[in-house]
Amino acid sequence: MNLQAQAPLTGAETALIDLFAQRCNDLPGNAGAVSARDKAVAALKANRLPTRKVEAWHYTDLRRLLSSVPAWRADAPAKPVDPILPGARRFALVNGALAETPAVDGLQFDAMADSLRADVGGVTLEAPAEADDAVGAINTAFVSDGLRLSVADDAEIAAPVEIQSVHAGGQVHTRSQVTVGAGARALFVDRHTGTDDAVLASNVTELTVRKGADVTWIIVQEQGAQASHLASLGLTLEEDARATVFIANLSGRLVRQEVHAAATGERAELAFRAVNMIGGDAHCDVTLELDHLVPHTTSTETVRNVVTARGQGVFQGQIRVAQPAQKTDAQMACNTLLLSDHGGFSTKPELEIFADDVVCAHGATVAEIDHDHLFYLMARGVSEKTARGLLIKAFVAEIVEELKDEALVDALEARIDAWLEAHG
Amino acid sequence: MPAVQETIDQVRKIDVDQYKYGFETIVEMDKAPKGLNEDIIALISAKKDEPDWMLQWRLEAYKRWQTMQRPDWARVDYPQIDFQDIYYYAAPKGQTGPKTIDDVDPEIRRTYEKLGIPLAEQEILAGVQERRVAVDAVFDSVSVVTTFKEELAKAGVIFMSISEAMREHPDLVRKYIGSVVPVSDNYYAALNSAVFTDGSFVYVPEGVHCPMELSTYFRINEKDTGQFERTLIIAEKGAYVSYLEGCTAPQRDENQLHAAVVELIAHEDAEIKYSTVQNWYPGDAEGKGGIYNFVTKRGDCRGDNSKISWTQVETGSAITWKYPSCILRGDNSRGEFYSIAVSNGAQQIDSGTKMIHLGKNTTSRIISKGISAGTSQNTYRGKVSVHRKATDARNFTQCDSLLIGDRCGAHTVPYIEANNATAQLEHEATTSKISEDQLFYCMQRGIPEEEAIALIVNGFVKEVIQELPMEFAVEAQKLIGISLEGSVG
């Protein structure tokens with residue numbers, strides 16, 4: 001609609017456009033990248049930031065929520081932190097620049113900045129094709145660095161790999177491209193953390209899981225209380241590939257995590273899990289688009305949300321089953337504990353089905369803690385506060401514990417405990 | 001799970017090529033010139049002998065409509081409609097308003113006979129003793145007859161065409177019209193407000209349980225006409241009314257437009273039950289012809305403990321764009337939506353409901369079954385919204401869809417919004433999770449799981465069907481016979 005385009009630019013939109021003018025000569029990239037960045041900013045200018053009128057942003061009015069944009073800070077003091085898993089190999093991006101790259105057997109890497117500059121064998125930066133892809137547009141315009149990783153065919157990466165983006169406020173725009181070779185196995189932690197200074201962080205990750213590979217991808221978003229975090233994970237599953245994607249949103253003020261997944265090979269399997277702990281004034285949106293394109297693919301999606309205080313939570317999950325994708329099995333559930341009258345939760349679990357021989361289902365519930373459960377515990381002498389804590393913990397732990405790796409379960413549960421301690 | 005043969009056969013029976021009501025009645029018509037402008041609106045208003053405020057209201061709506069844009073968010077695809085190429089008023093010659101049955105053109109009487117609609121008061125449905133239904137028959141732009149008016153009047157119930165009500169009960173109409181669906185609510189509602197020609201008006205006074213079923217039968221007959229129906233139903237404190245609506249149209253290659261607005265108002269302790277059997281001509285298998293059915297239906301549970309229940313069986317129309325909704329304003333009010341939508345040929349259905357919880361202890365239930373075949377697209381689009389002050393709101397939603405053949409599509413787009421911690425909302429699309437207790441009960445007694453699920457789901461649906469008026473139940477039963485197995489959410 002043109003009406004929106006005619007509206008005056010908001011402070012944040014102006015700040016982004018000005019920032020681009022100021023930074024564009026310092027951003028890495030060949031001629032193609034420069035043109036893509038220009039196009040992305042032009043699109044941002046033309047479309048503005050999306051409002052509720054844009055269906056993909058129905059519950060996250062980015063134009064209103066992204067009220068201000070912090071300045072770019074070159075000198076922000078930030079240091080890598082300990083990985084969440086003991087013995088993990090840490091790749092660190094500090095203030096949006098690749099700063100630490102360990103050598104890992106079976107793993108090849110390049111800096112994204114170098115790949116963007118390279119004329120041959122690099123990464124082609126492209127402006128987003130869709131007008132509603134605001135995350136893609138912002139990231140394309142400002143991406144400064146990131147990681148390009150590839151796991152060799154049949155490699156079994158024993159130690160977990162943590163890709164850590166740490167910052168001290170300002171602007172952080174990273175992009176990664178990860179390919180897991182045929183038959184390979186690996187566990188990645190994609191972690192975003194920083195100080196409580198205001199930050200606009202964007203991240204785009206493209207993950208390709210080749211034939212028969214098995215990958216676990218854990219997103220741990222623990223940004224500061226003032227952070228605007230806009231992220232997108234693109235996932236391609238080839239034949240017999242398996243992926244477990246687990247998202248833990250533990251903080252941040254404005255969070256949008258998109259996942260665009262496609263099962264492109266037969267017998268591909270996706271397990272998608274998300275735990276969103278939403279308190280304070282946080283607005284947290286997880287949006288999943290999943291395409292089942294070929295026969296015999298399977299997916300399960302479980303999302304658990306806890307909302308307290310003035311938190312606003314959103315889950316949009318769209319499963320699309322294409323006409324050739326017979327025998328698809330897709331099961332989606334979104335369960336929410338809404339614990340405050342000042343908070344809210346909105347969900348839109350969509351199914352779009354063009355194949356007749358499929359089993360697809362979705363369920364969504366929103367409720368507070370079951371009074372019978374509470375009574376059961378309190379009748380046994382457990383205080384109300386402890387009982388509520390236990391029940392909330394149990395509600396989210398159920399899906400955390402599906403992860404087989406014990407150290408991983410412990411690390412995630414410790415973070416959930418800390419959140420409950422702070423918000424309980 | 002693929003559909004079983006029995007189900008396929010059932011759906012084939014209601015296939016588009018076997019549309020039974022596609023005949024045309026040849027009767028001399030009195031038509032306004034084609035096109036839409038202020039003169040046409042004034043002409044419609046004059047034909048209906050309306051008070052001036054009504055004309056002004058229409059003109060205001062027309063002004064608003066001109067500034068609005070066609071909604072494009074639904075999953076339906078149709079060419080731009082040329083609103084200047086439609087007759088906005090068409091009535092059988094000499095028929096400007098309802099008459100007694102003896103004055104109705106025999107040709108029109110025969111039409112209703114063929115459709116199985118009793119226009120004579122003494123007629124009683126075969127096999128159903130002592131069961132009477134009052135009928136308001138709307139033929140293109142006018143109501144041709146309304147039956148049992150006197151008997152209903154004895155009970156204090158007003159049942160007449162809305163044009164008549166405008167003249168006889170202007171205060172009531174003025175008080176309520178547009179109070180649930182405002183003039184500028186949406187594009188088609190604004191259009192309807194400007195050019196609506198007829199529909200039914202029902203007023204049930206305090207404490208009255210309406211002594212019989214009320215029904216309106218809409219027939220589009222004339223070529224190139226649009227039908228703009230307006231229905232207004234008011235149930236005063238403690239009143240009860242059950243209302244049915246049926247629709248058919250001739251088989252033609254051109255598309256015809258039906259844009260209706262239905263408003264229901266339930267005061268304290270009142271209950272309104274609204275049932276629809278929508279069987280407009282759906283077009284042929286290639287998508288040629290058929291009715292564009294763009295309908296705004298909304299009920300307002302204005303008083304405490306009020307209840308509004310929508311039931312629809314949707315089998316017709318080339319395009320259906322329809323979301324019968326409930327605004328649960330009164331404390332303890334209840335909204336229900338039961339829907340069976342069957343699409344075949346090249347039909348496109350985008351239908352569902354909205355349940356807006358505003359009052360305390362409000363409850364709503366949504367049961368939607370979509371069945372698509374041929375190359376049709378069948379979408380459930382629904383919204384459940386609990387506002388901040390709506391404590392202890394409760395919703396249960398279940399929508400299942402079934403695809404027959406691999407060229408059709410079934411889609412589910414629910415919007416669920418909770419803003420109060422005491423809300424309990426459940427949206428279910430899997431049969432296996434509906435009620436584990438019931439399932440356990442059956443299986444414990446040796447009934448296999450699949451049979452147990454069928455038993456529970458059928459049992460539940462039957463319960464709904466049994467509550468329905470007989471006329472509806474017979475028609476709906478045919479569709480419910482369709483097996484529920486192989487459902488996808």
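The values are calculated or read from the model by the stated rules, or taken from the named source; none is laboratory data. Note that the structure is a prediction, hence the values are computed from the model and not measured. Virtual Cβ from ideal backbone geometry, glycine too; neighbours counted across all protein chains shown.
Being in contact with a helix residue (DSSP H, G or I) (Cβ under 9 Å, 6 or more places away or on another chain), buried (at least 19 other Cβ atoms within 10 Å of the Cβ) and in contact (Cβ under 8 Å) with a residue 12 or more places away in the chain narrows it down to one residue among A:259, A:294, A:286, A:306; which is it?
Numbers: A:259 fails: in contact with a helix residue (DSSP H, G or I) (Cβ under 9 Å, 6 or more places away or on another chain); A:294 fails: in contact with a helix residue (DSSP H, G or I) (Cβ under 9 Å, 6 or more places away or on another chain); A:286 fails: in contact with a helix residue (DSSP H, G or I) (Cβ under 9 Å, 6 or more places away or on another chain).
Every option except A:306 fails the conditions.
Restricting to strands (runs of 3 or more DSSP E) lying wholly in segment B:132-195: which have 2 or more residues that are touching an Asp or Glu at 6+ places or on another chain (Cβ under 6 Å)? Show your work before the answer.
On the way: elements: B:133-139, B:142-146, B:158-161.
Here the list reads B:133-139, B:142-146.
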Checklist entry - Pairs, please: C-beta under 9 Å, at least 6 apart or cross-chain, first residue in the same structural domain as residue A:72 (by TED's automatic domain parsing) and in segment A:134-146, second basic (Lys, Arg) and buried (at least 24 other Cβ atoms within 10 Å of the Cβ)? => result A:134/A:256; A:135/A:256; A:139/A:175; A:140/A:175; A:143/A:175; A:144/A:175; A:145/A:175; A:146/A:175
Checklist outcome for this item: Scanning segment A:127-142 residue by residue, those part of a loop (DSSP other than H, G, I, E, B) and farther than 15 Å from residue A:233 by Cα turn out to be A:127, A:129, A:130, A:131, A:132
Checklist entry - polar (S, T, N, Q), closer than 22 Å to residue B:86 by Cα, in a loop (DSSP other than H, G, I, E, B) and in contact with a strand residue (DSSP E or B) (Cβ under 9 Å, 6 or more places away or on another chain), is that true of residue B:221? => result yes
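Results for (1) in contact with a Lys or Arg (Cβ under 7 Å, 6 or more places away or on another chain); (2) surrounded by fewer than 24 Cβ atoms within 10 Å (Cβ to Cβ); (3) not hydrophobic (A, V, I, L, M, F, W, C), shown as yes or no for each residue.
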| position | (1), (2), (3) |
| --- | --- |
| B:261 | yes, no, no |
| B:267 | yes, yes, yes |
| B:275 | no, no, yes |
| B:279 | no, yes, yes |
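Please go through segment A:362-401 and give me each residue that is among the hydroxyl-bearing types (Ser, Thr, Tyr) and either surrounded by 13 or more Cβ atoms within 10 Å (Cβ to Cβ) or outside any loop (DSSP other than H, G, I, E, B) (or both), ordered by number. Talk me through it step by step, then tell me what you get.
First, pick out the residues of segment A:362-401 that are among the hydroxyl-bearing types (Ser, Thr, Tyr): A:365, A:376, A:383, A:386.
If the condition is that a residue be among the hydroxyl-bearing types (Ser, Thr, Tyr) and either surrounded by 13 or more Cβ atoms within 10 Å (Cβ to Cβ) or outside any loop (DSSP other than H, G, I, E, B) (or both), then A:365, A:376, A:386 are the ones that fit.
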Checklist entry - How do the helices (runs of 4 or more DSSP H) wholly within segment B:401-481 filter down when requiring 2 or more residues that are out of contact with any helix residue (DSSP H, G or I) (no Cβ under 6 Å at 6 or more places or on another chain) and modelled with pLDDT under 70: which remain? => result B:449-467, B:470-480
Checklist entry - Quick one: which of A:172, A:166 is among the hydrophobic types (A, V, I, L, M, F, W, C) and either surrounded by fewer than 24 Cβ atoms within 10 Å (Cβ to Cβ) or over 16 Å from the mean Cα position of the chain (by Cα) (or both)? => result A:166
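Given the residues B:242, B:215, which is the only one that is under 16 Å from the mean Cα position of the chain (by Cα), within 25 Å of residue B:148 (Cα to Cα), at pLDDT 90 or above and among the small types (Gly, Ala, Ser)? Steps first, answer last, please.
Working: B:215 fails: at pLDDT 90 or above.
Answer to the selection: B:242.
From the list A:367, A:361, A:387, pick out the single residue that is under 24 Å from residue A:341 (Cβ atoms), within 14 Å of chain B (Cβ to nearest Cβ) and small (Gly, Ala, Ser). Outline the logic, then answer.
Numbers: A:361 fails: under 24 Å from residue A:341 (Cβ atoms); A:387 fails: within 14 Å of chain B (Cβ to nearest Cβ).
Just a single option satisfies the conditions, and that option is A:367.
Any residue at all in segment A:188-198 that's more than 27 Å from residue A:81 (Cα to Cα), over 16 Å from the mean Cα position of the chain (by Cα) and of a type outside the set (Val, Ile, Thr)?
First pass over segment A:188-198, keeping only residues more than 27 Å from residue A:81 (Cα to Cα): none.
Taking every residue of segment A:188-198 in turn, none turns out to be more than 27 Å from residue A:81 (Cα to Cα), over 16 Å from the mean Cα position of the chain (by Cα) and of a type outside the set (Val, Ile, Thr).
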Checklist outcome for this item: Taking segment A:286-325 and keeping residues within 11 Å of another protein chain (Cβ to nearest Cβ), more than 20 Å from residue A:254 (Cα to Cα) and assigned to a loop (DSSP other than H, G, I, E, B) leaves A:322, A:323, A:324, A:325
Checklist entry - If you scan segment A:223-247, which residues turn out to be of a type outside the set (Ser, Thr, Tyr), farther than 19 Å from residue A:135 by Cβ and part of a strand (DSSP E or B)? => result A:237, A:242, A:243, A:246
Checklist entry - What residue, among those in segment B:371-427 that are within 30 Å of residue B:287 (Cα to Cα), within 7 Å of chain A (Cβ to nearest Cβ) and among the small types (Gly, Ala, Ser), is surrounded by the most Cβ atoms within 10 Å (Cβ to Cβ)? => result B:410
Checklist outcome for this item: In segment A:326-358, residues that are more than 7 Å from every other protein chain (Cβ to nearest Cβ), touching a residue at least 40 places away in the same chain (Cβ under 8 Å) and either of a type in the set (A, V, I, L, M, F, W, C) or part of a strand (DSSP E or B) (or both) total 3
Item to check | segment A:402-415, subset assigned to a helix (DSSP H, G or I) and free of Cβ contacts under 8 Å to residues at least 40 places away in the same chain, residue farthest from residue B:384 (Cα to Cα) | outcome: A:406
